[in-house]
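Have a look at the structure below before the remarks.
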Amino acid sequence: MKHSMTRRWFLAATGAAAAVTALPRSAWGASESKQRFLIRTEQEEGRVSPLLHGQFAEHLGSCVYGGLWVGEDSSIPHIHGYRKSAIDYLKALEVPVLRWPGGCFADDYHWREGIGKNRSKRVNISWGNYIEDNSFGTHEFIGLCRLIGAQPYLAGNVASGSPAELRDWLEYCNYPAGSKLSDERAANGSPEPFKVKYWGVGNESWGCGGNMRPDYYGGLYRQFASFLHEMGGTAPFLIASGPSGDDIRWTRGLLDTTSPMLPDGISMHYYEGGRFEATKFDAAATEDQFKIFKGVEYAIAHQREVINGYRDGSRVGIVLDEWGVWDQIPEEEEKRYGKLWQQSTMRSGVAAGLGLNMFNRLAAKLYMCNIAQIANVLQSLLITDGPEGKRCVPTTTYYAFLLFKEHRGNTAVYTESDNDDPLAVSISATKAEGKLVVSLVNPKDSEEATAECVLHGVTPRNVTARILHHADRNAANSFDAPDTITPKAHPARIQAGMLVVDLPPLSVVTVVVEL
Ligand code: AHR
């Protein structure tokens with residue numbers, strides 16, 4: 001638990017704060033406030049696993065069909081059916097892990113319908129009763145992961161499937177050769193096993209995944225898990241369907257039932273709901289949405305504490321495999337671009353920054369995080385102009401992830417702020433050989449801030465920074481103006497031994513301090 005730093009405490013800690021002269025007012029024209037931080041580089045808080053920057057793709061709207069996958073016969077530039085521009089952007093981001101095929105869709109997905117020459121048509125009952133032709137199946141998903149360099153995470157069907165179906169999927173994917181299923185995989189074009197490590201055992205089993213009670217689901221988890229084994233040297237990492245938000249009743253019910261056969265991971269879903277359509281937020285609704293992030297941070301820490309209370313609980317990873325802003329979705333846009341299509345604005349970019357900063361701070365408590373979703377659905381990284389559209393645009397959320405890429409694999413270090421307000425500037429810091437990386441997010445809608453960071457335990461040599469910012473919370477990268485908001489160089493400085501960064505309202509900044 002962090003404690004707030006009083007002004008006097010801060011002066012004592014720095015011994016030099018008085019040397020910081022009045023800072024020039026910036027050109028942003030908003031009212032200004034100063035916030036002070038302490039970064040204790042010697043106090044390590046865990047490794048920032050690249051998996052904290054994971055993604056999620058569901059058979060929903062135009063996320064997969066028309067978004068990532070346009071098919072071999074498409075006139076849209078593609079690589080064996082995968083939209084080329086999307087692949088290029090995702091490769092540049094180095095997506096660490098991709099969860100598929102749902103979401104709610106996963107609990108009505110039957111993997112055999114999506115392999116081989118004769119794919120079955122089935123109604124997608126989760127997302128609008130359209131005909132799912134299964135042209136994108138296991139091989140296409142693994143092909144996508146290989147193209148973009150992501151680890152696959154398969155979400156298994158518990159609610160309308162069976163232990164046998166899931167166990168067979170695992171054998172199909174992971175057994176090297178010689179069994180009927182592995183030979184079928186080879187005959188379908190992949191002699192090499194897929195080596196899938198991450199397996200979800202159901203999704204939102206308290207809701208769309210079967211409306212179960214926790215003890216009932218816990219029993220099913222035990223049953224399914226009994227048949228999911230290491231094959232071909234790949235030990236499956238099993239992720240049980242966990243709570244919505246901080247639902248402790250679900251977590252306890254699940255753990256009471258599964259203990260001492262605890263899962264490797266427990267999934268958790270936490271969306272930040274929005275009161276308006278993505279491009280129509282007012283200042284109050286923007287700040288209300290940002291305030292939810294404190295609740296997410298509390299929930300993760302709280303769930304960690306509860307899970308750790310069980311024997312061997314500390315080895316169970318928290319997998320926040322659905323998170324992100326979920327705004328009001330205009331019907332006309334859904335009709336044009338696909339179900340749950342949502343524009344990502346400057347507000348969404350700031351929300352992404354708040355989330356990613358939080359994951360750095362909670363690095364020791366989290367195993368994996370997957371934003372919902374990678375393309376065209378909710379807080380997506382990429383948008384395309386309809387299933388037939390040629391244009392593919394990286395969103396503000398994509399660029400926030402790009403800024404935070406600097407932290408991947410680094411060691412998180414302790415940070416402390418003099419302001420606990422949920423709308424105060426948010427910070428995280430990580431270190432690696434020869435550098436300290438600091439990210440700062442100003443969620444205030446119309447107040448600029450100056451962050452003064454005392455750096456304990458290091459001597460800064462040089463700083464470079466990049467910023468994602470637009471003064472209009474509703475501005476976005478659109479199909480006609482795709483470069484409206486992209487990261488730019490930003491003048492951070494070392495002053496009186498401190499790192500000083502000016503932050504316009506609604507901004508995300510990542511600073512690399514060379515040591
Ligand atoms: O991401 C959209 C949906 O939100 C998922 O299918 C479901 O798991 C959650 O409720």
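Excluding same-chain neighbours fewer than eight residues apart, the lysines reachable from Lys180 by a Cα-Cα span under 29 Å are Lys117, Lys121, Lys195, Lys197.
Please find the FRET efficiency linking Ser226 to Lys34, where r is the Cβ-Cβ separation and R0 is fixed at 51 Å, and quote it to the nearest 0.05. Spell out each step's value before the answer.
Working: r = 58 Å, r/R0 = 1.13.
Computed FRET efficiency for Ser226 and Lys34 comes out at 0.30.
The Cα trace of region 103-194 gives Rg and Dmax of 13.2, 40 Å, the first to one decimal, the second as a whole number. Cβ screening of the chain for cysteine pairs under 4.7 Å finds these without a partner: Cys63, Cys145, Cys173, Cys369, Cys392, Cys453.
Distance between Cα centroids, region 350-377 to region 55-87: provide it in whole Å. When both Cα centres are located, 24 Å separates them. In order along region 210-220, the phi-based Karplus estimate (6.51 cos²θ - 1.76 cosθ + 1.60, θ = phi - 60°) of 3J(HN,Hα) comes to x, 6, 8, 8, x, 6, 5, 4, x, x, 5 Hz; Gly and Pro are listed as x. Looking at region 304-356, the trypsin sites (Lys or Arg not before Pro) that sit in a DSSP loop and have at most 16 other Cβ atoms within 10 Å of their own Cβ are Arg311.
Based solely on its DSSP helices, what 222 nm [θ] is calculated for the chain when runs of n ≥ 4 H residues each add -39,500 (n - 2.57) and the sum is averaged over all residues, nearest 500 deg cm²/dmol?
On the way: 11 runs with 130 residues, N = 515.
Result for the chain, helices only: -8000 deg cm²/dmol.
A simple rule links phi to the HN-Hα coupling: the Karplus curve 6.51 cos²θ - 1.76 cosθ + 1.60 with θ = phi - 60°, which for region 230-239 gives 4, 9, x, x, 9, 7, x, 9, 8, 10 Hz, with x for Gly and Pro. To the nearest ten degrees, helix 283-308 and the longest principal axis of the Cα atoms of the chain are 70 degrees apart. The calculated FRET efficiency for Ile494 paired with Glu44, based on their beta-carbon distance and R0 = 30 Å, is about 0.85. Close amide H contacts of Glu277 (hydrogens built in the peptide plane, cut-off under 5 Å, sequence separation of 5 or more or a different chain): Gln328.
A Cβ-based charge dipole, computed about the Cα centre of the chain with Lys and Arg at +1 and Asp and Glu at -1, lands at about 980 debye. Taking 0.36 nm per residue of separation and subtracting the Cα-Cα distance, full extension of the segment from Ala283 to Ser446 would add 57.8 nm.
Working from Cα pairs under 8 Å separated by at least six residues, relative contact order for the chain is 20 percent. Could you pull out the pairs from Lys34/Lys431; Lys91/Lys435; Lys84/Lys294; Lys294/Lys335; Lys34/Lys294; Lys335/Lys405 whose alpha carbons sit more than 30 Å apart here? Table pairs above 30 Å Cα-Cα are Lys84/Lys294; Lys294/Lys335; Lys335/Lys405.
Distance between the modelled labels on Tyr130 and Ala364, one decimal in nanometres: 4.6 nm (7 Å Cα→Cβ projection). Placing dummy labels 7 Å off each Cα toward the beta-carbon, the span from Ser74 to Arg461 is 4.6 nm.
Residue separation times 0.36 nm, minus the C-alpha to C-alpha distance between Glu332 and Asp420: what's the value? Walk me through the numbers on the way to the answer.
Details: separation 88, 0.36 × 88 = 31.68 nm, distance 4.02 nm.
Extending this stretch completely gives an extra 27.7 nm.
Helix 248-258 and the long axis of the chain differ in direction by around 50°, with both axes built from C-alpha atoms.
Can you give the FRET efficiency for Val306 and Asp480, using 1/(1 + (r/R0)^6), R0 = 35 Å, r = Cβ-Cβ distance, to the nearest 0.05?
Working: r = 49 Å, r/R0 = 1.39.
Here the calculated transfer efficiency is 0.10.
Scalar couplings 3J(HN,Hα) for region 401-409, obtained by applying the Karplus form with A = 6.51, B = -1.76, C = 1.60 to θ = phi - 60°, are 4, 4, 4, 7, 4, 4, 8, 4, x Hz; x denotes Gly and Pro.
Quick note: the coordinates plus some simple rules give every number you see, no bench work behind them. Just so you know, these numbers come straight off a predicted model, no measurement behind them. Cβ coordinates were reconstructed from backbone atoms using ideal geometry, including for glycine residues, and neighbour counts include every protein chain displayed.
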